[in-house]
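Notes for the one structure printed next.
The values are calculated or read from the model by the stated rules, or taken from the named source; none is laboratory data. This one's a predicted model, so the numbers in the text were calculated from it and none came from an experiment. Methodologically, a virtual Cβ is constructed for each residue, glycine included, from the backbone with ideal geometry; neighbour enumeration extends over all protein chains shown. Just the protein is used for accessible areas: all its heavy atoms, side chains included, with ligands, DNA and RNA removed. Shrake-Rupley method; radii C 1.70, N 1.55, O 1.52, S 1.80 Å.
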Amino acid sequence: MSIHTELGIRPLINASATLTRLGGSVMPPEVLAAMQDAAQYHIELDEMQRKVGARLAQLTHNEAAYVATGAAAGITLAAAALMAGKNPAFIQQLPDTTGIPKTEFIVHKSHRNGYDHAIRAAGGKVVEIGASLHTHEWELTHAINEHTAGVFWFQGAMTGIGDLPLAKVIEIAKAHGVPVIVDAAAQLPPVENLWKFTQMGATMAIFSGGKDLRGPQASGLCVGSAELISAMAMNGSPNHSVGRAMKVGKEEMAGLLAAVKRYLALDHEARLLECERTVAKWNSALCQLPGVCAERSWPNEAGQPLPRTRVVFDPPYDRDAIVAKLMAGEPAIAVASGRSNDIYLNPMSLEPGDAEVVLNRLIDIVNSR
Ligand SMILES: *Cc1c(COP(=O)(O)O)cnc(C)c1O
């Protein structure tokens with residue numbers, strides 16, 4: 001923690017979610033060891049990317065895999081590869097799409113979110129289908145034309161309301177020869193998602209390496225079609241291309257591989273039980289406080305199958321003041337705000353001992369009103 005002392009940065013307890021702005025997740029010793037190991041040697045980066053990719057593909061039951069510098073970078077590279085393919089002139093000119101035949105990406109209106117910027121960063125044009133609350137099959141069919149480069153599917157809080165089922169999207173897109181890319185950045189757990197989307201027929205699924213995988217914060221895992229991945233490699237660093245500015249280092253490659261190995265070997269059931277125990281403890285203690293009600297909330301904000309505690313405060317408790325006091329304390333505690341006078345406590349990113357600190361601080365704040 002010396003860097004924090006030196007710079008005066010306050011480390012915090014993350015009871016919110018694996019948010020990038022809070023540092024994503026923290027790396028376990030085996031991931032740190034792999035990064036430290038890789039950092040000591042010169043290698044040919046292309047060879048390392050190929051061999052790490054082959055190992056990741058085997059581990060995740062996919063045809064091929066590629067390490068990007070985050071899930072968002074994976075989206076940009078996939079979009080670039082679907083437009084430019086392996087054509088050196090097209091690779092060179094992106095994000096200028098003049099003369100490139102396929103540049104349109106279909107996205108459900110209900111899936112529009114900040115990360116579709118990553119498609120546009122490559123020069124891709126987002127073509128919306130549907131309305132915020134419903135989409136018809138004909139709207140997808142109608143949107144597909146000779147300029148369509150792919151369909152992007154965003155899996156998360158935005159999924160399920162107003163969209164077609166993913167299986168239907170894959171069926172329609174496949175029938176027209178259009179690739180489907182799933183942004184599954186925060187869709188771990190469950191661990192099976194590492195192969196579920198591609199086994200459903202998606203061309204590629206993209207995961208953040210710095211969320212629950214607990215790999216390097218600047219890493220992303222792309223799994224799926226070998227053809228698409230070899231085009232992504234050509235559109236990626238170290239080649240001079242759209243992806244050059246999203247360089248992934250040898251350390252991230254080694255760290256992500258170690259993180260995936262660890263994740264596959266984890267006892268996910270025990271982890272779930274531990275989260276359930278924490279939430280149950282929080283709930284019973286917080287419900288004893290006057291004017292406070294706590295309940296189990298499921299699934300969590302990213303749709304992951306893990307519980308959270310929802311704490312509802314009766315007036316005159318001021319939710320925002322409570323959130324601010326949690327952040328102002330020592331150590332700082334980050335929580336998520338709900339839609340009303342409520343907060344969510346998420347156990348998934350806690351380190352041993354954190355759950356008690358969070359509970360005791362919240363009790364103190366409520367009692368000191
Ligand atoms: C977190 C997230 C991303 C970005 O992942 P990074 O690894 O931080 O680049 C993209 N899409 C969704 C839906 C996410 O939740």
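A few notes on this one:
- Amide hydrogen neighbours beyond the local backbone of Leu221, cut-off 5 Å, H modeled: Ala68, Phe207, Ser208, Gly209
- Along the stretch 68-75 the Karplus relation, 6.51 cos²θ - 1.76 cosθ + 1.60 evaluated at θ = phi - 60°, assigns HN-Hα couplings of 10, 9, x, 5, 4, 5, x, 5 Hz to successive residues, with x for each Gly and Pro.
- Highest mobility in the GNM of the chain, judged by mean-square fluctuation with C-alpha springs under 10 Å and restricted to Ala167, Ala81, Ala226, is found for Ala167.
- Gain on full stretching of the segment that runs from Asp37 to Glu146 - 0.36 nm per residue minus C-alpha separation: 34.5 nm
- What the phi angles of the stretch 41-48 give under the Karplus curve with 6.51, -1.76 and 1.60, with θ = phi - 60°, is a coupling list of 10, 6, 8, 8, 4, 4, 5, 5 Hz, glycine and proline written as x.
- Portion, in percent, of the accessible area of the stretch 157-271 that falls on carbon or sulfur, probe 1.4 Å: 56
- Computed on the chain, with alpha-carbon pairs under 8 angstrom and 6+ residues apart, the relative contact order is 22 percent.
- Karplus-derived HN-Hα couplings along the stretch 155-162 (A = 6.51, B = -1.76, C = 1.60, θ = phi - 60°), whole Hz, x at Gly and Pro: 9, x, 4, 7, 8, x, 9, x
- Length added when fully stretched, Ala270-Glu171, from 0.36 nm per residue minus Cα-Cα: 32.0 nm
- Using a probe of 1.4 angstrom and keeping all protein chains present, the accessible surface of the stretch 48-158 works out to 43 square angstrom per residue.
- Helix axis angle, 29-38 relative to the chain longest principal axis, alpha carbon, degrees: 40
- Rh by Kirkwood over Cα pairs, then Stokes-Einstein D for the stretch 1-105 at 1.567 mPa s and 4 °C, µm²/s: 73
- Nearest-20 debye value, the chain charge dipole, Cβ charges on Lys, Arg, Asp, Glu: 160
- Degrees separating the helix 319-328 axis from the principal Cα axis of the chain, which is the longest one: 90
- Helical mean residue ellipticity (222 nm; -39500 (n - 2.57) per DSSP H run of 4+; nearest 500) of the chain: -12000 deg cm²/dmol
- Projecting the Cα atoms of Thr5, Pro29, Leu213 onto the charge dipole of the chain, computed from C-beta unit charges around the Cα centre, puts Thr5 farthest toward the positive end.
- Taking a ≥ b ≥ c as the square roots of the eigenvalues of the Cα gyration tensor, the stretch 279-366 is classed as rounded, since a/c falls below 1.5.
- Residues in the stretch 280-341 average 49 Å² of solvent-accessible surface per residue, probe 1.4 Å, ligands and nucleic acids excluded.
- P(r) histogram, all alpha-carbon pairs of the stretch 112-178 included - 5 Å bins from 0, percent: 3, 15, 29, 26, 21, 6, 0
- This model, with +1 at the C-beta of Lys and Arg and -1 at the C-beta of Asp and Glu, gives the stretch 161-216 a dipole about its Cα centre of some 80 debye.
- Charge dipole (debye, nearest 20) of the stretch 301-369; +1 at Cβ of Lys and Arg, -1 at Cβ of Asp and Glu: 200
- DSSP-defined beta bridges in the chain - what % are antiparallel, rounded to 5: 55
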